[in-house]
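One structure is given below, encoded as structure tokens.
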Amino acid sequence: MPKVTVDGTELEVPAGATILQACELAGKEIPRFCYHERLSIAGNCRMCLVEVAPGPPKPQASCALPAAEGQTIRTNSEMVQKAREGVMEFLLINHPLDCPICDQGGECDLQDQSLNYGRGATRYDENKRAVTEKHMGPLIKTAMTRCIHCTRCVRFSEEIAGVDEIGALYRGENMQITTYLEQAAKHEMSANVIDLCPVGALTSRPYAFEARPWELKKTLSIDISDACGANIRVDSRGREVLRVLPRVNDDVNEEWISDKARYMCEGLTRRRLDQPWIRKGGKLQPATWEEAFAAIKRINPGENIAALAGDTLDCETMFAAKKLVAALGSTMLEGRQTGMDYDTSSMAAVNFNSGLAGIEAADAILIVGSHVRWEAPLVNVRLRKAVKRGAKVFLIGPDWETTFGGEFLGDDLSLLGNLPGHVADALKSAERPAIIVGGGAIAKGAIPPALALAAQYNLVRDGWNGFNVLHLAAARMGGLMLGFAQKGGLADIVAAKPKMVISLAADEVDYTKFADSMIVYVGHHGDAGAHAADIILPAAAYTEKAGTYVNTEGRVQFAEKAVFAPGDAREDWTILRAMADALGVEVGFDRFEELRAAMIAEVSALGVEGLADYGNVLPDGNAAPVSVVIGYPVKDFYLTNSICRASATMQRCSAELIDRDEIAEAAE
Amino acid sequence: MADRHLEPDTPELRERWGGFTWTPEWESKAKAAIARYPDGRQKSAVMALLDFAQRQVGQETGTQGWLPLPVMEFIARSLDMPVIRVLEVATFYTMYNLVPVGKFHVQVCGTTPCMLRGSDDILETCAKRGMKKGHTTDDGLWTLTEVECMGNCATAPMVQINDDNFEDLTAQRIEYVLDELAAGNKPKAGTQEPGRHTSEPLGGPTTLKEMVTENHDYRGGR
């Protein structure tokens, strides 16, 4: 623990800390462009110069200099100020003065820091450098003349994303950042380089020229595009969500979000249901709320009612539906839309017990039936970190392009009971072995054999729980906690032939099985569910309601309401409350606070932000795995829910990044 | 320095170079270069392999050689590294040619010492022969590049042609060198000053004179 003095304040810093970190601990702000906490140190922007004694009598780049015992650091001396002004002047030599038309304006590091270190006028009267724009795909807009060569984007794609695609070509003044042959950046986290870019060289293409940061209302929310529950900030203006940015949460998403989480918000303004619809004579006709509720009253299902929860729902909506169904005397609730029927009596057996951050510490990982890159890009980042620390990764399932190496063992589930020798050895000898059971495997009944494997290899031990289930739906864990799971899955409900099915934005259900039921769709997009509906009640999307979400590791998180739902659409719980009136039953809440209180009274864990405690005891899994080929449920990363399916950007990504080869062939 | 750029990725380029593999001669050299580095560090051999590939391309085209994109992709594959990293190396170092060059790549040093000693005359002579900076002559013989210091300031001005340096040049001497090369001969590399071997002072040593004949101890009478 070296002791250093920063501007006269003496403090102890952790061993291995850099001078920049020491200064931050002392509360001094050090300007920087290339340095980033989560990336390797490059030390090439030179903005973080400080004066260090003992040492050479010149300013030192603090980001790359280890703090040592007895150093005296000055961050505000005249030498430092002058040196930084010099660096800034050099950076600005080739930087265009196009801030008024630059999308980074208002949130630009260079702009902010030139306020402190910039000269009022330029002394440079040569020609400025100009660089051609580079194509980086449908998400990243480039203006490479603005680039200051910090190489954050290069380091991100190499170190975090694990896809070496961005590089710095040529050298010196001619250096250019580009992808190979200007191909599109092709991974699921690519747009994070937009946040990383300290200037306006890489900006968001769909958001180009949409708004200025100071016009936007910032709302803290939770991402619902996958089950990781990434912490996001929703930026909105008026009634429109303009963009989604990540929030820092080291336990969940660090400071990254997937491209889908970032750009599906564009789908919130398209294909929206903004008024009720009623099917008359086989055709959906616009209606008023009164007509819709009258129609529901006419159905009069009694106890013959079921509720199906979609993948993106908040807990409050599911709880309100549960109350309504219960008040009518039914218990038919299901959220697993594709018919999965795994046992949910123990939540620990369906949870990502190691935790998203914890999986980094695993040293042997067996992934069963999960295309992690598409199903949970944030987990993929963690797996890559684990492998960098020396973890061995084995995968069962069809091949996909991993970013962390790993060995594919085959795509037959029965491998689970008959692991090859070296895999078994690796799991046995590991200190913190882990298994990740993905959606593709769960659907084939992999949880019981995985539990047996967990017991066999002692995956749960002191201070470590290596049994993990990786869900795909943001609503899944919350739904399971609230009891949205029949013993026989969706088949139970189909067999019961309910008179009325409340579909809560459930778009993945095969509604042909419910041909005899009246389907009341409470959702926000005109997607598959709405097409099958008999009555459509327009509801709110995730940005338009406050809600509680539980991610795949059982982390309870709260999202706030950013904007109002469009047109006549209402928040889901109010619709369900009004439906209770129409059906003549009492659900016991009139206000959102009452609903939330009732929910917490029933499932207390939903009231506390943070990890829900499911215990460490796994049930016995006795079944031997059957021999069945695993498939992955996600066929197209960019089009997994109704919101992103409505987003033009996501459709373009899908066309350009996933189906591109097929399109090229078709054109020939 | 000439503005460096990549040769465009065209179907013709792919067709011509897509099937690039080592000839046995270069393959054994490539293997030896890779074997110099420990397991898992094969990509350290990228610079050597790029050089070999450029030379093999040179042999195949009868020029000094260059690096077509498919060849760089071939090297990336053989070293199991991302192609963008290979491209970064190839674009950084100016001795890797990114576009086709002629049989002789004439690199004229134009940095201060050479300029003071008459590199402008050299460039003028080259221009008279139809060479243009950054271009290859129509007969495919000459590519002219003006480069920065090559470290031969003691024998300035100098020109590097393919693997050889020609130093102490004058307009007449570079004419002679170029004539010889064009005729298919091999002019003497190094200094062109009669009586000079390398970069020693003209007219005999000016310092350390006692060292010429014996190992003199300058420390005094001890």
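Just a few scattered comments:
- With R₀ set to 25 Å, the beta-carbon distance separating residue A:12 from residue A:388 gives a calculated FRET efficiency near 0.30.
- Cα-projected label distance for residue A:408 with residue B:197, points at 7 Å along beta-carbon direction, nm: 6.5 nm
- Per residue, the average separation of C-alpha pairs within less than 8 Å and at least 6 apart gives segment B:104-191 a relative contact order of 33 percent.
- Counted by Cβ distance under 13 Å from residue A:79, the other residues give a net charge of +1, where Lys and Arg count +1 and Asp and Glu count -1.
- Summed residue charge, Cβ within 9 Å of residue A:320's Cβ, Lys/Arg positive, Asp/Glu negative: +1
- Gyration tensor verdict on chain B (Cα atoms; rounded if a/c is under 1.5, prolate if a/b is larger than b/c, oblate otherwise): oblate
- DSSP beta bridges fully contained in chain A are about 55 percent antiparallel.
- Available extension along the chain between residue A:285 and residue A:233 is 15.0 nm, counting 0.36 nm per residue and deducting the alpha carbon span.
- If R0 is 30 Å, the Cβ-Cβ spacing of residue B:9 and residue B:112 corresponds to a FRET efficiency of close to 0.20.
- Options B:205, B:172, B:157, ranked by Cα towards positive dipole end of segment B:132-222, top entry (Cβ charges): B:205
- Paramagnetic reach from residue A:101 in segment A:115-130 [backbone N under 17 Å; point 7 Å along Cα→Cβ]: A:128-130
- Among the GluC sites (Glu not before Pro) in segment A:493-600, those located in a DSSP loop and surrounded by at most 11 other Cβ atoms within 10 Å of their own Cβ are A:586.
- For segment A:1-128, the relative contact order works out to 25 percent when only alpha carbon pairs closer than 8 Å and six or more residues apart are counted.
- Annotation for segment A:375-410: GluC sites (Glu not before Pro) lying in DSSP loop with at most 11 further Cβ atoms inside 10 Å of their Cβ are A:401.
- Here the accessible area is traced with a 1.4 Å probe on the protein chains. For segment B:104-191, carbon and sulfur cover 50 percent of it.
- Pairwise label distance in nanometres, residue B:148 with residue B:37, each label 7 Å out on the Cα-Cβ vector: 2.6 nm
- Exercise: per-residue mean of other protein chain Cβ atoms within 10 Å, B:68-74: 1
- About the centre of its Cα atoms, segment B:11-92 shows a dipole size close to 220 debye [charges on the beta carbon of Lys, Arg (+1) and Asp, Glu (-1) only; nearest 20 debye].
- Estimated FRET transfer efficiency when R0 is 35 angstrom, pair residue B:80-residue A:609 (beta carbons, to 0.05): 0.15
- Accessible surface computed residue by residue for the protein assembly as shown, with neighbouring protein chains in place and a 1.4 Å probe, gives 43 Å² per residue.
- With DNA, RNA and ligands ignored, accessible area of residue B:133 (1.4 Å probe; Å², nearest 10): 110 Å²
- Note on segment B:104-191: semi-axes of the ellipsoid equivalent to its C-alpha gyration tensor, largest first and rounded to whole Å, are 18, 14, 11.
- Expressed to the nearest 5 percent, the antiparallel share of DSSP beta bridges inside segment B:104-191 is 45 percent.
- Carbon plus sulfur fraction of accessible area for segment B:11-92, probe 1.4 Å, in percent: 53 percent
- Cleavage-rule hits (chymotrypsin sites (Phe, Trp or Tyr not before Pro)) in segment B:1-99: DSSP loop, at most 15 neighbouring Cβ within 10 angstrom: B:93
- Taking the C-alpha atoms of the protein assembly as shown, convex hull volume expressed per residue in Å³: 241 Å³
- With a threshold of 26 Å on the Cα-Cα distance, the over-threshold entries among A:260/A:392; A:82/A:128; A:82/A:218; B:188/B:209; A:323/A:497; B:31/B:133 are A:260/A:392; A:82/A:218; B:188/B:209; B:31/B:133.
- Anchor residue A:388: aspartates and glutamates whose Cα lies under 13 Å away (excluding residues fewer than 8 positions away in-chain): A:158, A:159, A:360, A:363
- Segment A:53-109-segment B:94-113 distance, computed between alpha-carbon centres (Å): 37 Å
- When the accessible areas of A alone and B alone are added and the area of the pair subtracted, with a 1.4 Å probe, the result is around 1300 Å², both sides summed.
- Shielded by partner chains, segment A:168-193 residues - at least 10 Å² of accessible area, 1.4 Å probe, vs chain alone: A:168, A:169, A:170, A:171, A:174, A:180, A:181
- Cα→Cβ-extended label distance, 7 Å offset, between residue A:624 and residue A:598, nm: 5.0 nm
- Candidates A:99, A:187, B:81 compared by Cα position along the dipole of the protein assembly as shown: farthest toward the positive end lies A:99, with charges placed on Cβ.
- Kyte-Doolittle mean at least -0.5, axial Cα span of 20 Å or more - DSSP H helices of chain A: A:78-93
- Cut-off 15 Å between beta-carbons: net charge of the residues surrounding residue A:532, Lys and Arg +1, Asp and Glu -1: -3
- Spin-label proximity, residue A:560 to segment A:206-220 - amide N less than 15 Å from point 7 Å beyond Cα toward beta carbon: A:216-220
- Each of A:472, A:11 has its accessible area taken with a 1.4 Å probe; listed largest first, they run A:472, A:11.
- Reducing segment A:335-411 and segment A:234-302 to their Cα centroids gives an inter-centroid distance of 30 Å.
- In chain A, the portion of solvent-accessible area held by carbon and sulfur atoms comes to 50 percent [1.4 Å probe, whole percent, DNA, RNA and ligands not counted].
The values are calculated or read from the model by the stated rules, or taken from the named source; none is laboratory data. These numbers were taken from a predicted model, which means no experiment stands behind them. Counting neighbours? That spans all protein chains shown, and the Cβs are built from the backbone with ideal geometry, glycine included. Calculation scope for accessible area: heavy atoms of the full protein, side chains included, ligands and nucleic acids excluded. Shrake-Rupley method; radii C 1.70, N 1.55, O 1.52, S 1.80 Å.
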